[in-house]
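The values are calculated or read from the model by the stated rules, or taken from the named source; none is laboratory data. Since this is a predicted model, take the numbers as computed values, not measurements. When we count neighbours, we look across all protein chains shown, and the Cβ atoms used for this are built from the backbone with ideal geometry, even at glycine. Please note that ligands, DNA and RNA were not included when accessible areas were found on the heavy atoms of the full protein model with its side chains. Shrake-Rupley method; radii C 1.70, N 1.55, O 1.52, S 1.80 Å.
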Amino acid sequence: HYLATEAGHEILGQGGNAFDAAIAMAAMLSVVEQTSCGIGGGSFWMLHRASDNFQVMIDGREKAPAAAHKDMYLKDDGTVNRDLAVNGPLAAAIPGEIATWEHVATHYGRLPLSESLKPAIRVAREGFPVYTKFHGMLGWAAKNLRRWPAGAEAFLPGGEVPEMGQLLKLPDLERVLQKVAEDGKDAFYKGEIAQKLVNGVREAGGIWSMADLEGYSVVEREPVRTIYHGYELVTAPPPSSGGVAIAEILNIIEPYQVAKLDPVKRTHVIAEAMRRAYRDRALYLGDPEFYPVPVDMLTDHNYAAGLRASIRMDRATPSSMLSGREMPPKGTDTSHFSIMDAEGNMVSATLTVNTPFGSKFMVPGTGFVLN
């Protein structure tokens, strides 16, 4: 969204570095792009610090509340209740976005968090014009948003989807962001706002507790590294699956010298490599806190050679010969941005509430949907 880009430029102009600007961009997106992300969600941030060539991934994804259990979305007959899993307060996990901003500001930024949040606070107060994607996604989500009054009041003034270009103001979100600017992440994970979130979630049928919020913390993770034709790629480790998949794909295609292949063969080779990597994504990738992801195996060049051996240049490999399971189609309900400053610091951030407008549930008085 152009307002996020402008927020990044604004903070760079005030002497902030790429890390400060990234916070400003993420905060702005949390106001204008709640179709895809926001402070009710979570994110992965890949950071590169130029001064010492240091790279790290900040894992700020949501965490399940302590009362969550494996049967919580099952019907009496053992089938999945999809509605409970994606809509409403029981679908939501503990958000990580605010904690991520403070972590990045404290350890990598140059400006106080309060400065980086000013553009987002201003737009939440003054409003932003409803744009094409926001308008379309509101139409799609309106029925579920109306199930809980707060979200409908915030996004559907008068009970209807606002017109294109209509100014949408989020005063409750402004107050939350202002409180965070003043008191840091404790304003969100402890005290009045936290109690409001817990009360609102539980009254509507959710299972959050104050201990869940107070206990949230981000995790710094060592990136996945791979070499492709002499270039080092530094990318996201689990629980993100993309970095491992990219490394595996590049390892498979490297011997083909794909740049020299004709377009048909090049497309064929890359597609076959992607199919094998996504098969492994479905089989092996998960959260390392709960499952031993075999990263070393999946990113090993010898493993890639074994996968490459089954690729034929004259035909596609039948899907029946590739184990794993079919992946759902890729959605557009996640936000991503990249930024680099004049010093060479870099941020590549992916932020999400998982489905359009997340769970469609908003705690009254907060101004943001939960993941």
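Using θ = phi - 60° and the Karplus form 6.51 cos²θ - 1.76 cosθ + 1.60, what ³J(HN,Hα) does each residue of segment 15-32 get, whole Hz, x for Gly and Pro?
Coupling constants for segment 15-32: x, x, 9, 4, 6, 5, 5, 5, 4, 4, 5, 5, 5, 5, 4, 5, 8, 9 Hz.
Pop the C-beta distance of E214 and H107 into the FRET formula with R0 = 30 Å and round what comes out to the nearest 0.05.
Plugging the Cβ-Cβ distance into 1/(1 + (r/R0)^6) gives 0.90.
Roughly how tilted is helix 97-107, in degrees to the nearest 10 and between 0 and 90, from the longest Cα axis of the chain?
Here the helix axis deviates by roughly 80 degrees.
Please work out which option in (i) 49, 23, 17; (ii) 36, 26, 20; (iii) 94, 16, 14 gives semi-axes √(5λ) of the Cα gyration tensor in Å calculated from these coordinates, and answer with its label.
Evaluating semi-axes √(5λ) of the Cα gyration tensor in Å on these atoms matches (ii).
Could you compute how much accessible surface M25 exposes when probed at 1.4 Å, giving the result in Å² to the nearest 10?
20
Roll a 1.4 Å probe over the protein heavy atoms and report the accessible area of L167 in Å², nearest 10.
That residue has around 90 Å² of solvent-accessible surface.
For I311, enumerate residues with amide H under 5 Å from its amide H, sequence gap 5+ or separate chain, H modeled in the peptide plane.
none
Given the DSSP H assignment, sum -39500 (n - 2.57) over each helix run of at least 4 residues in the chain and divide by its residue total; what's the result at 222 nm in deg cm²/dmol, nearest 500?
One gets -12500 deg cm²/dmol as the mean residue ellipticity at 222 nm.
Just subtract the alpha-carbon distance of K196 and E222 from 0.36 nm times their residue separation and send over the number in nm, one decimal.
Additional length available on full extension: 5.8 nm.
Between exposed GluC sites (Glu not before Pro) in the chain, where DSSP calls loop and at most 15 other Cβ atoms lie within 10 Å, what's the longest gap?
1-159
Leaving out ligands, DNA and RNA, and with a 1.4 Å probe, what % of the accessible surface on the chain is carbon or sulfur?
Summing carbon and sulfur atoms, their accessible area is 54 percent of the total for the chain.
M321 accessible area, nearest 10 Å², 1.4 Å probe?
Counting only protein heavy atoms, M321 exposes about 140 Å² to solvent.
What does the charge count around V56 come to, taking other residues whose C-beta lies under 14 Å from its C-beta (Lys +1, Arg +1, Asp -1, Glu -1)?
-1
How far apart, in nm, are two points set 7 Å out from the Cα along the Cα-to-Cβ line at N302 and at L233?
So the two model labels end up 2.2 nm from each other.
Summing Lys, Arg as +1 and Asp, Glu as -1, what charge do residues with Cβ under 15 Å from the Cβ of N302 carry, N302 excluded?
-3
Can you give me the C-alpha center-to-center distance between segment 126-146 and segment 156-208, rounded to a whole angstrom?
17
In terms of Cα to Cα distance under 26 Å, which lysines are near enough to K360, apart from those fewer than 8 places away along the same chain?
Cross-link targets: K63, K70, K75, K133, K143, K169, K179, K185, K190, K196, K330.
Can you give the FRET efficiency for H336 and D314, using 1/(1 + (r/R0)^6), R0 = 35 Å, r = Cβ-Cβ distance, to the nearest 0.05?
It comes to 0.45.
So which chymotrypsin sites (Phe, Trp or Tyr not before Pro) in segment 11-65 pass both tests, a DSSP loop state and at most 12 other Cβ atoms within 10 Å of the Cβ?
Counting only loop positions with at most 12 other Cβ atoms within 10 Å, none of the chymotrypsin sites (Phe, Trp or Tyr not before Pro) in segment 11-65 qualifies.
Which whole-number percentage describes the relative contact order of the chain, with Cα contacts under 8 Å and a sequence gap of 6 or more?
28
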